[in-house]
Amino acid sequence: MGFGSEPPQLLKQRLFYRGRKFNFEVNTLRLPNRAVGDWECVRHPGGALAVPVTPDGKLILLRQYRFALKGRILEFPAGTIEPDEDPAETIRREIEEETGYRAGAWRKLGEFSLAPGYSDEIIYAFLAQDLEKLETPPAQDVDEDIELVLMTPEELEQAILAGQPVDAKSISSFFLARPFLT
C-alpha cells in the first residue's frame with residue numbers, strides 16, 4: 001500500500017496557516033481504527049535530493065547553516081518541489097544552484113517519508129554521476145549559506161557513525177546509493 005492510500009475522515013479543520021515553504025494545519029480526524037482526535041500536520045510539497053559523485057568517486061556534500069538547528073550540518077543538495085514540477089526537474093536545478101555542477105547521468109534511488117509523525121513530506125532521492133563543473137553556475141538563493149565538502153563514501157560513513165551533524169534525508173539517501181558507489 002502506497003503513501004496516501006488510506007486517508008482519515010476530516011471532521012473539522014480548526015487552524016490553517018499558509019507559509020512560504022509549507023503549510024500547517026490542525027484538524028479533528030477520525031482515523032481508520034475509528035479513533036477521533038486533533039492532529040497537527042505540516043503539509044509540504046515534497047523535496048528532491050541528489051547524491052552527487054565526482055568522476056574520482058568523491059561525494060559532494062554541503063555544510064549548510066540551518067536556523068532551526070542554530071548551526072551547520074552536512075547534507076546532500078536538495079530542494080523543494082515547485083508546483084507542477086517533476087522531482088527530477090527539481091534536483092537538476094538544485095544541484096546546479098547549490099554545487100555549481102551538472103550531472104550527465106541520473107539514477108532514481110527511491111522515495112521515502114521524512115517525518116511521518118507530523119508531516120506529509122516525501123523525499124525523492126537520485127544518484128547524480130558524470131559531473132561536470134559549470135563555467136558560470138546559477139546564483140544561489142539569498143538565504144543559502146553553503147560550503148562545498150568533498151568526502152569519500154568511507155569518510156561520510158565514519159562521520160555519520162561518529163555522530164557528526166548530518167541530516168536524516170542525507171543519511172537515508174547515502175545508504176540507498178551505497179550499492180552504486182565504487
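The values are calculated or read from the model by the stated rules, or taken from the named source; none is laboratory data. All values reported here derive from a predicted model rather than from experimental measurement. All Cβ positions, glycine included, derive from the backbone under ideal geometry; neighbour counts span all protein chains shown. Heavy atoms of the whole protein, side chains included, go into the accessibility calculation; ligands, DNA and RNA do not. Shrake-Rupley method; radii C 1.70, N 1.55, O 1.52, S 1.80 Å.
For residues in segment 52-71 being of a type in the set (A, V, I, L, M, F, W, C) and more than 24 Å from ALA177 (Cα to Cα), which is surrounded by the most Cβ atoms within 10 Å (Cβ to Cβ)? Only one residue tops the list, namely LEU69.
Looking only at segment 100-108, decide whether some residue is within 15 Å of the chain's Cα centre (by Cα) and free of Cβ contacts under 8 Å to residues at least 24 places away in the same chain. Yes, the conditions are met somewhere in segment 100-108.
Within segment 18-29, being touching an Asp or Glu at 6+ places or on another chain (Cβ under 8 Å) and closer than 10 Å to ARG43 by Cα holds for PHE22, PHE24, GLU25.
For segment 61-78, taking the residues that are part of a strand (DSSP E or B) and either of a type in the set (Lys, Arg) or touching a Leu at 6+ places or on another chain (Cβ under 6 Å) (or both), the one that is modelled with the lowest pLDDT is identified as ARG66. The criterion of being among the polar types (S, T, N, Q), buried (at least 19 other Cβ atoms within 10 Å of the Cβ) and within 26 Å of ASN23 (Cβ to Cβ) does not hold for THR80.
Quick check on segment 15-44: of everything there that is touching a Phe, Trp or Tyr at 6+ places or on another chain (Cβ under 8 Å) and free of Cβ contacts under 8 Å to residues at least 12 places away in the same chain, which residue is most open to solvent (accessible area, probe 1.4 Å)? Filtering first and then ranking leaves TYR17. The set of residues in segment 109-137 that are aromatic (Phe, Trp, Tyr) and either closer than 22 Å to PHE24 by Cα or without any contact (Cβ under 8 Å) to a residue 40 or more places away in the chain (or both) comprises PHE112, TYR118, TYR124.
Out of LEU114, LEU49, report the one residue that is open to solvent by less than 20 Å² (accessible area, probe 1.4 Å) and under 24 Å from ALA177 (Cα atoms). Going through LEU114, LEU49 in turn, just one is open to solvent by less than 20 Å² (accessible area, probe 1.4 Å) and under 24 Å from ALA177 (Cα atoms): LEU49.
Restricting attention to segment 138-167, the residues that are open to solvent by 60 Å² or more (accessible area, probe 1.4 Å) and either in contact with a strand residue (DSSP E or B) (Cβ under 6 Å, 6 or more places away or on another chain) or touching a residue at least 24 places away in the same chain (Cβ under 8 Å) (or both) total 9.
The rows are residues; the columns are (1) more than 20 Å from PRO83 (Cα to Cα); (2) assigned to a strand (DSSP E or B); (3) in contact with a strand residue (DSSP E or B) (Cβ under 9 Å, 6 or more places away or on another chain).
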{"position": "LYS12", "(1), (2), (3)": "yes, yes, yes"}
{"position": "LEU15", "(1), (2), (3)": "yes, yes, yes"}
{"position": "PHE24", "(1), (2), (3)": "no, yes, yes"}
{"position": "ASN27", "(1), (2), (3)": "yes, yes, yes"}
{"position": "ARG34", "(1), (2), (3)": "yes, no, no"}
{"position": "VAL42", "(1), (2), (3)": "no, yes, yes"}
{"position": "PRO45", "(1), (2), (3)": "no, no, yes"}
{"position": "ALA50", "(1), (2), (3)": "no, yes, yes"}
